[in-house]
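Below: one structure, written as structure tokens.
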Amino acid sequence: QAPSRPSRRARARRPAACRAMLPAPEKIASGAVAGGLGARSLRRLATAAQSPLLVALLSAFGGAFVALAVVPYLSGALWTAPAAAPGAAPVGSCAAVKAHTLSFSQTAAEDALGELSADEVQSVARWFAAEHGAAGTRNSSADCVWLAGPSAVELLIPLKNETVAYIEGRGPRPQRFARVTAVGRGNVEEYKVGPLVDGRVAPGATAEVIRAAGAVPFARRPTETNADNRLSEALLNSTLRGMAPLLTEAFGPVFPQLDGYDESKGTVGYFNRNDALRPEGDRADMLIFQLFPANTRVEAAWLHPIPLLMKVNTTSSDPAAWTVFGIYFCSQGPYSSAAELMADHSRGQVRICPFNASTGIWDVPQRTTPKSEKPRAIEPHGGVSWGPWSFTLTQRPSTGPAMVDVRFRGERILYELSLQDAFAGYSGDESSQFFYADASWSMSMLSTSLLPGVDCPEDAHYLSAVSWMTLLPGGVAEADPTQPHAFYPICVFEFTEDHTLWRHMQNSDPPDVRGLLRKTIVVRSVATVANYDYITDIKLREDGEIEVKTRFAGFIESRYFDPVGNPAERKFSTILRPDLAGPVHSHLVNWKADIDVAGVRANAFQLTKVKAGEVESRSSAAGEARKLVSKYIERSVVEREGVGVSTFVAHPEHPTIWAVVDQKAVSPAGNPRGYAVQLGCWSTTQVLPFSHPFVKATPLTKYHIAVTRHHDGEYRSSEVYAQYDAAAAIANPQDLDRYLSDNESLVDEDIVAWIGVGREHIVRQEDLPLVSNFGAGFSLQPFNFFSQNVAASPPWTSQ
């Protein structure tokens, strides 16, 4: 066995005779050394270096080996680079890294794809209300027609062909229209309203029905942030009064609806969540009760659940017909009414569970970063330019941040990169199992402006979005699109990351370490949806990579625990305190990546798999072939869309690179240009069976990636109607499985990747009072898109 390579210190102590025999570096570079030393001299060199391996190699290959290995090995020198062209930086030298300029401007993409402004939303909402007798928010009348949900008034996204032609200067600007969702008299309808000109509905505008009555069952109407609470308040109050003696005995004078209420003891409030396990045709909300302790922040209520639950059937278009059912008290039930519960109580058949209303440092954070006094640097336009990147930012009222017309040095990489939805599915029994599809609440409008110095660096730049939701005490919000306002949920800033983009230590004497700091432009959007905060970062780097990550933050949604009353909770939750449980739940987010490779829309979806198997080998002594197991690469193109055909879940034993490629743009090495989708870390998908109602409502949770052919009508991966009555069919729904069912060709077509990442949150005690932010993400990485690492060696630096 040959000895290991001598240390640098040992090489420095080589005899002078040995060093004298080494050829000059310029002879190595020119190749003259090949004939400069005889075989005997070479063997003497190897012997002096005390390397039997070199003696054997020199005997076999002679002088030809010198230029490749011997002289660098003996001297510690590396190959001398060829001379640079006149006026150019020497090859192998490191040019100074210039700072990039961050700038903002109005763009053609913003003109066409930018979300509606506050003026446009207000103009559309008031015009539609006047023309159709609609209200901005729901009232108690059975005949009320109202603008409903987080997509009540939003941009009707123009056709891609027309938009691309406009952006590229080949066609006129597409007219702006709004999509309006109106609900009432037992119907759900969507309209195309416009055109919009100069921030207002133009004279002669029309409202064209684009989703007619009956296409969406009334029970699936959009989630209302506060209207259903408000409309069911009288029903709720009468139900609570019917249980007054029991509630006061169990929990104290904390119900404001009851006589003897004492605010100093705290206040019980409630919020509604969808009951997704109802049979087809039914719509119901579960009312969840919490204690808001006195003299502390209202957010502490998330950790003070009251063991009381009731359901309200809200199927009817007439709130007067709504009913209470499914009452649970201290894990006992369901009771069909307050009267039934009180009858059992009077017979001594209802157990009162222990309740502890104490507070402490465990339910409200004690340390915070001070708020900055520096005002926000507000930018009027969403067109961003930084270094090699240019793109346009906007924020959708339901789905949140979107980045459009994303280019690297002028070449379009993405037509659209946008958040689609965030699913949170919770474990439990029939009374406590539930899910949220948070785009049905809003991944934007339940939030507030980002805070300098906390959410974003003090020198960040801020972009506006529109909201028509007004936050109310206790965590609820009232929605009214006729009263929109602007806020600032997006910031953009430059960031030098804590590691290098590339780094290497040259094996020389002395060693030479070089690298390139990882400069990044960051787009950050934060959406709060009740107890949870979604912190989304999109990072664009100098090597062409786009990293997307969503962090999950905020308070857990907790449940009351009583080892006597509900011992089964241990199966669903981590018990955090003697009376507090944190149920296991999933966080799954979905993104739309409409990749156009260098602006080309005729692309394909390529799989590059790493496999293992028998390969041919000729290494036997006799030279005959024998079997050898090795890893190898298998490449293929997905020809058609379909569930199980163009849908994939990552598997650690079957590593695969998913890439959108242009098969007609092939490098000299034979590789098609493309961009790959790489998961950023271990990422879960849906663990529930696909037959489960939660999964039927949100098929996007089943896949890490699903690839479909682009259609203008398939503009988002989930419906705004996802939370209720999933068993009832919607005509032509915004639904990944419907898109996949077309079985259309994906070869040399305009294709879209729908990317899902997530984590199962197994709650721990350290999640009190708030979770330490954690998340999941993915990267879009150049995959043979460039001829080399363009951050290390930009080909345009010599231009």
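The values are calculated or read from the model by the stated rules, or taken from the named source; none is laboratory data. None of the values given here were measured: they were computed from a predicted structure. All Cβ positions, even for glycine, are placed from backbone atoms using ideal geometry, and neighbour counts span all protein chains on display. These area figures cover heavy atoms from the full protein model, side chains too; ligands, DNA and RNA do not enter into them. Shrake-Rupley method; radii C 1.70, N 1.55, O 1.52, S 1.80 Å.
For the range 500-518, the count of residues that are closer than 29 Å to Gln420 by Cβ, open to solvent by less than 20 Å² (accessible area, probe 1.4 Å) and in a strand (DSSP E or B) is zero. Residue count for the range 560-575, restricted to those that are closer than 14 Å to Pro305 by Cα and open to solvent by 30 Å² or more (accessible area, probe 1.4 Å): 1. Determine which member of the set Pro699, Pro733 is at negative phi, open to solvent by 10 Å² or more (accessible area, probe 1.4 Å) and free of Cβ contacts under 8 Å to residues at least 40 places away in the same chain. Within the list Pro699, Pro733, the selection yields Pro733. For the range 690-699, does any single residue satisfy the condition of being out of contact with any strand residue (DSSP E or B) (no Cβ under 8 Å at 6 or more places or on another chain), more than 30 Å from Phe408 (Cβ to Cβ) and among the polar types (S, T, N, Q)? Yes, some residue in the range 690-699 is out of contact with any strand residue (DSSP E or B) (no Cβ under 8 Å at 6 or more places or on another chain), more than 30 Å from Phe408 (Cβ to Cβ) and among the polar types (S, T, N, Q). Where residues in the range 181-212 are among the small types (Gly, Ala, Ser) and out of contact with any Gly (no Cβ under 8 Å at 6 or more places or on another chain), which of them is surrounded by the fewest Cβ atoms within 10 Å (Cβ to Cβ)? Here the residue is Gly204.
Evaluation of Ile361 against the conditions (1) touching an Asp or Glu at 6+ places or on another chain (Cβ under 6 Å); (2) more than 23 Å from Ser331 (Cα to Cα); (3) exposed (fewer than 13 other Cβ atoms within 10 Å of the Cβ) shows that the sole unmet condition is (1).
Residue by residue, here is whether (1) in a helix (DSSP H, G or I); (2) touching a residue at least 60 places away in the same chain (Cβ under 8 Å); (3) open to solvent by less than 30 Å² (accessible area, probe 1.4 Å) holds:
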{"residue": "Thr223", "(1), (2), (3)": "no, yes, yes"}
{"residue": "Gln257", "(1), (2), (3)": "no, no, no"}
{"residue": "Gly260", "(1), (2), (3)": "no, no, no"}
{"residue": "Gln290", "(1), (2), (3)": "no, no, yes"}
{"residue": "Thr296", "(1), (2), (3)": "no, yes, no"}
{"residue": "Ala300", "(1), (2), (3)": "yes, yes, yes"}
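Looking across the range 651-696 at every residue that is of a type in the set (Gly, Ala, Ser), buried (at least 17 other Cβ atoms within 10 Å of the Cβ) and under 17 Å from the mean Cα position of the chain (by Cα), the one that is nearest to Ala422 (Cα to Cα) is identified as Ser683. Evaluation of Ala219 against the conditions (1) small (Gly, Ala, Ser); (2) in contact with a Ser or Thr (Cβ under 9 Å, 6 or more places away or on another chain); (3) surrounded by fewer than 19 Cβ atoms within 10 Å (Cβ to Cβ) shows that the sole unmet condition is (3). Looking at this structure, is Ser418 touching a residue at least 24 places away in the same chain (Cβ under 8 Å), under 30 Å from Lys160 (Cβ atoms), open to solvent by less than 10 Å² (accessible area, probe 1.4 Å) and outside any strand (DSSP E or B)? Judged against the criteria, Ser418 is not a match.
Of all positions in the range 382-399, at least one carries a residue that is of a type in the set (Gly, Ala, Ser), over 24 Å from His587 (Cβ atoms) and surrounded by 24 or more Cβ atoms within 10 Å (Cβ to Cβ).
Restricting the first member to the range 652-681 and to residues that are closer than 19 Å to Glu639 by Cβ, and the second to residues that are in a strand (DSSP E or B) and of a type in the set (Ser, Thr, Tyr), the beta-carbon pairs closer than 6 Å and six or more apart or on different chains are Ile657/Thr608; Val660/Tyr675. Among the listed residues Ala129, Ala215, Ala165, which satisfies the condition of being of a type in the set (A, V, I, L, M, F, W, C), in contact (Cβ under 8 Å) with a residue 12 or more places away in the chain and not in a loop (DSSP other than H, G, I, E, B)? Exactly one residue qualifies, and that residue is Ala129.
Once the range 750-789 is narrowed to residues that are in contact (Cβ under 8 Å) with a residue 24 or more places away in the chain and surrounded by fewer than 17 Cβ atoms within 10 Å (Cβ to Cβ), the residue that is farthest from Ser427 (Cα to Cα) is Ser787. Here Asp318 meets each of (1) open to solvent by 10 Å² or more (accessible area, probe 1.4 Å); (2) under 39 Å from the mean Cα position of the chain (by Cα); (3) farther than 26 Å from Arg185 by Cα with one exception, condition (3).
Conditions (1) modelled with pLDDT of 95 or more; (2) hydrophobic (A, V, I, L, M, F, W, C), marked per residue:
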{"residue": "Pro279", "(1), (2)": "no, no"}
{"residue": "Asn295", "(1), (2)": "no, no"}
{"residue": "Trp302", "(1), (2)": "yes, yes"}
{"residue": "Lys311", "(1), (2)": "yes, no"}
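Name the single residue that is farthest from Gln332 (Cα to Cα) among those in the range 343-358 being in a loop (DSSP other than H, G, I, E, B), touching a residue at least 24 places away in the same chain (Cβ under 8 Å) and open to solvent by 40 Å² or more (accessible area, probe 1.4 Å).
Per the stated criteria, the residue is Ala357.
Against the condition assigned to a loop (DSSP other than H, G, I, E, B), open to solvent by 30 Å² or more (accessible area, probe 1.4 Å), under 30 Å from Thr482 (Cβ atoms) and hydrophobic (A, V, I, L, M, F, W, C), how does Ala142 come out, does it pass? Yes. Reported count of residues in the range 457-499, each being of a type in the set (D, E, K, R), at pLDDT 95 or above and part of a strand (DSSP E or B), is 1. Going by the conditions given, is Ala178 of a type outside the set (Ser, Thr, Tyr), touching a residue at least 40 places away in the same chain (Cβ under 8 Å) and either part of a strand (DSSP E or B) or under 19 Å from Thr482 (Cβ atoms) (or both)? Answer is yes for this residue. Of note, Val523 satisfies the criterion of being crowded, with 18+ Cβ neighbours inside 10 Å, of a type in the set (A, V, I, L, M, F, W, C), within 27 Å of Arg376 (Cα to Cα) and touching a Ser or Thr at 6+ places or on another chain (Cβ under 9 Å). Taken over the range 326-337, the criterion of being more than 13 Å from Glu430 (Cα to Cα) and open to solvent by 50 Å² or more (accessible area, probe 1.4 Å) is satisfied by Ser336 alone. Scanning the range 545-561 for residues that are more than 19 Å from the chain's Cα centre (by Cα) and either in a strand (DSSP E or B) or of a type in the set (Gly, Ala, Ser) (or both) returns Ser558, Arg559, Tyr560.
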